[in-house]
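Colleague: Take a look at this one; I'll ask things after.
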Amino acid sequence: MAYGMRKALQAEQRKQEVEAEIKKLDQECIELEKQYDDKLQELKDRETEEEERRVKENYDHSSEIEQMKREIEKLKEKLRQELDVSMRK
């Protein structure tokens, strides 16, 4: 009888330990999921920032190229005019 009672108490104690471990692991899992979600959001934010930066750089680059093209055209026109004037002399 004592053996059976002792085994029953040990089983109950083991059950409580296992339940405590399960609870601890569940909490750890929740925390890890939260960390994952935070890192995923951080990654998405960085990707968005990087895309915005890239778009801005492309726009700035295109604007600079267009400005240079206009300047080149002005210089070409000025050169044509100067050549035209010098050829008339």
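Colleague: Given Q16, L43, G4, which one lies farthest toward the positive end of the charge dipole of the stretch 1-58, if we put +1 on the Cβ of every Lys and Arg and -1 on the Cβ of every Asp and Glu?
Modeller: G4
Colleague: So, one more: What is the dipole size for the stretch 1-51, taken about its Cα centre, with +1 at each Lys and Arg Cβ and -1 at each Asp and Glu Cβ, in debye to the nearest 20? List each step's numbers first, then the result.
Modeller: Values: 10 positive and 16 negative charges, 198 e Å.
Roughly 960 debye, rounded to the nearest 20.
Colleague: Under the 0.36 nm per residue contour assumption, what length would be gained going from the current alpha-carbon distance of R54 and I30 to full extension? Could you put the intermediate results ahead of the total?
Modeller: On the way: separation 24, 0.36 × 24 = 8.64 nm, distance 3.59 nm.
Once the chain is fully extended between R54 and I30, it gains 5.1 nm.
Colleague: On to the next question. Spelling out what I want: for every residue of the stretch 46-53, take phi, set θ = phi - 60°, compute 6.51 cos²θ - 1.76 cosθ + 1.60 (Karplus), and round to whole Hz; glycine and proline get x.
Modeller: Karplus-based 3J(HN,Hα) across the stretch 46-53 equals 5, 4, 5, 4, 5, 5, 4, 5 Hz.
Colleague: Please give the length that would be gained between H61 and M87 if that part of the chain were fully extended, namely 0.36 nm times their separation in residues minus their C-alpha to C-alpha distance (nm, one decimal).
Modeller: Details: separation 26, 0.36 × 26 = 9.36 nm, distance 3.81 nm.
So the extension gain works out to 5.5 nm.
Colleague: As a test of the formula, what do you get for the chain when each DSSP H run with n ≥ 4 contributes -39,500 (n - 2.57) and the sum is divided by the residue count, at 222 nm and rounded to the nearest 500 deg cm²/dmol?
Modeller: Working: 1 runs with 87 residues, N = 89.
Per the formula, -37500 deg cm²/dmol.
Colleague: About the Cα centre of the chain, how large is the charge dipole given +1 on each Lys and Arg Cβ and -1 on each Asp and Glu Cβ? Please answer in debye to the nearest 20. Each step should come with its number before you reach the end.
Modeller: On the way: 21 positive and 26 negative charges, 69 e Å.
Dipole of the chain, to the nearest 20 debye: 340 debye.
Colleague: Moving on. Step through the residues of the stretch 67-79 one at a time and calculate ³J(HN,Hα) from phi using the Karplus curve (6.51 cos²θ - 1.76 cosθ + 1.60, θ = phi - 60°), rounding each to whole Hz and writing x for Gly and Pro.
Modeller: 5, 5, 4, 5, 5, 4, 4, 4, 5, 4, 5, 4, 5
Colleague: Provide the net charge surrounding Q27, with neighbours chosen by a C-beta distance below 12 Å and charges set as Lys +1, Arg +1, Asp -1, Glu -1. If you can, show how the numbers build up before the last one.
Modeller: Working: positive: K23, K24, K34; negative: E21, D26, E28, E31, E33.
Net local charge, Q27 excluded: -2.
Colleague: Further question on the same structure: Give me a comma-separated list of calculated 3J(HN,Hα) values for the stretch 6-20, in order, Karplus coefficients 6.51, -1.76, 1.60 applied at θ = phi - 60°, integers in Hz, x for any Gly or Pro.
Modeller: 5, 5, 5, 5, 5, 5, 5, 4, 4, 4, 5, 5, 5, 4, 5
Quick note: the coordinates plus some simple rules give every number you see, no bench work behind them. What you are looking at is a predicted structure, and each value in this text was computed from that prediction instead of being measured. Here Cβ is always computed from backbone atoms with ideal geometry, including for glycine, and neighbour counts include all displayed protein chains.
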